[in-house]
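A.B. asks: There's a structure below that I have some questions on.
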């Protein structure tokens, strides 16, 4: 038993460990990049013991004596979900009410001086297959790119063209119909380009967004930027990114096209060295944009008969691989 006034050395949930004295979040024994306000939001949610915490209560806790816009809270929630990776559902949005922390927690007690060692030793290890960092080399720049789940088939030439364009232009947009492979190609190119960007390669996914105003919030969360109080705008974000050697991957821009274009334009106009790789069913129509229409996979003519020659077509090889995986 521990007195109610004794602060815990650590709070474990799944593969994560919160160290209150160090204001640090650890995943699988490694520190996770997390801003101070995101840490405060997480602490408040955990302390609610599964209860829903209203947005107003969270903002009052994290920004005491200040009036801030709600999208600042959304930015911190997005940052936490990005840090959780595959476990992003640990924070549940309750429409019209607030947010809820859904994980079961295990509190570890000890002295502040030994909290890290005690708590990490006491926390249960995560299964190897659940760890997002397995197989990632420690000497690579930081990234939130998902690991590829299968081989990219029949796209070597296209990928080579995209890599060349991304090296020559600050904004390259991959366009084409839905399902043609824009996102897959962008992610493959981003992985190949990662060693060239000291400040990392960051994926911002726009497909879940219903509000275009959340485009800059989503990008800031992906990069891990804390812009302080006030609205998170494309202009503020572009100024914060101007000195960073990074690549932004803006995925599925078409249904927030105006906001995505405004963000891309602001980043380009701010100068500096950030580059952008976008996917969209239509161009962003921003000055300096290079549009690359993604071609369909090659398929054989109707009268082709030789099996070996058929497997030389990317469309056929992809079909065969999917049959094998079924």
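A.B. asks: When you scan segment 23-32, do you find a residue that is over 25 Å from the mean Cα position of the chain (by Cα) and free of Cβ contacts under 8 Å to residues at least 60 places away in the same chain, even just one?
C.D. replies: no
A.B. asks: Which condition number does residue 240 fail, the rest of (1) without any contact (Cβ under 8 Å) to a residue 24 or more places away in the chain; (2) part of a loop (DSSP other than H, G, I, E, B) being met?
C.D. replies: It fails just one condition, (2).
A.B. asks: Within segment 204-222, track down each residue that is more than 12 Å from residue 259 (Cα to Cα), crowded, with 20+ Cβ neighbours inside 10 Å and free of Cβ contacts under 8 Å to residues at least 60 places away in the same chain.
C.D. replies: 204
A.B. asks: Residues in segment 285-300: is at least one assigned to a helix (DSSP H, G or I) and either at pLDDT below 95 or out of contact with any helix residue (DSSP H, G or I) (no Cβ under 8 Å at 6 or more places or on another chain) (or both)?
C.D. replies: no
A.B. asks: I've got another one for you. If I ask for residues that are part of a helix (DSSP H, G or I) and touching a residue at least 40 places away in the same chain (Cβ under 8 Å), which ones from segment 43-55 would you list?
C.D. replies: Hits for segment 43-55 are 45, 46, 55.
A.B. asks: Scan 240, 222 and give me the residue that is in contact with a strand residue (DSSP E or B) (Cβ under 6 Å, 6 or more places away or on another chain) and under 15 Å from residue 79 (Cβ atoms).
C.D. replies: Only one candidate qualifies: 222.
A.B. asks: Residue under question is residue 60, and the condition is that it be without any contact (Cβ under 8 Å) to a residue 24 or more places away in the chain and either more than 16 Å from residue 105 (Cα to Cα) or in contact with a helix residue (DSSP H, G or I) (Cβ under 6 Å, 6 or more places away or on another chain) (or both); does it hold?
C.D. replies: Yes, satisfied.
A.B. asks: Here's another thing I want to ask about it. Between 86, 79, which is surrounded by fewer than 16 Cβ atoms within 10 Å (Cβ to Cβ) and in a helix (DSSP H, G or I)?
C.D. replies: Of 86, 79, the one residue that is surrounded by fewer than 16 Cβ atoms within 10 Å (Cβ to Cβ) and in a helix (DSSP H, G or I) is 86.
A.B. asks: Hey, can you tell me all the residues within segment 190-220 that are assigned to a helix (DSSP H, G or I) and within 16 Å of the chain's Cα centre (by Cα)?
C.D. replies: Selection gives 190, 191, 194, 214, 215, 216, 217, 218, 219, 220.
The values are calculated or read from the model by the stated rules, or taken from the named source; none is laboratory data. What you see is a predicted model, and the numbers here were worked out from it, not measured in a lab. Because the Cβ atoms are built from the backbone with ideal geometry, glycine has one as well, and the counts that use them run over all protein chains shown.
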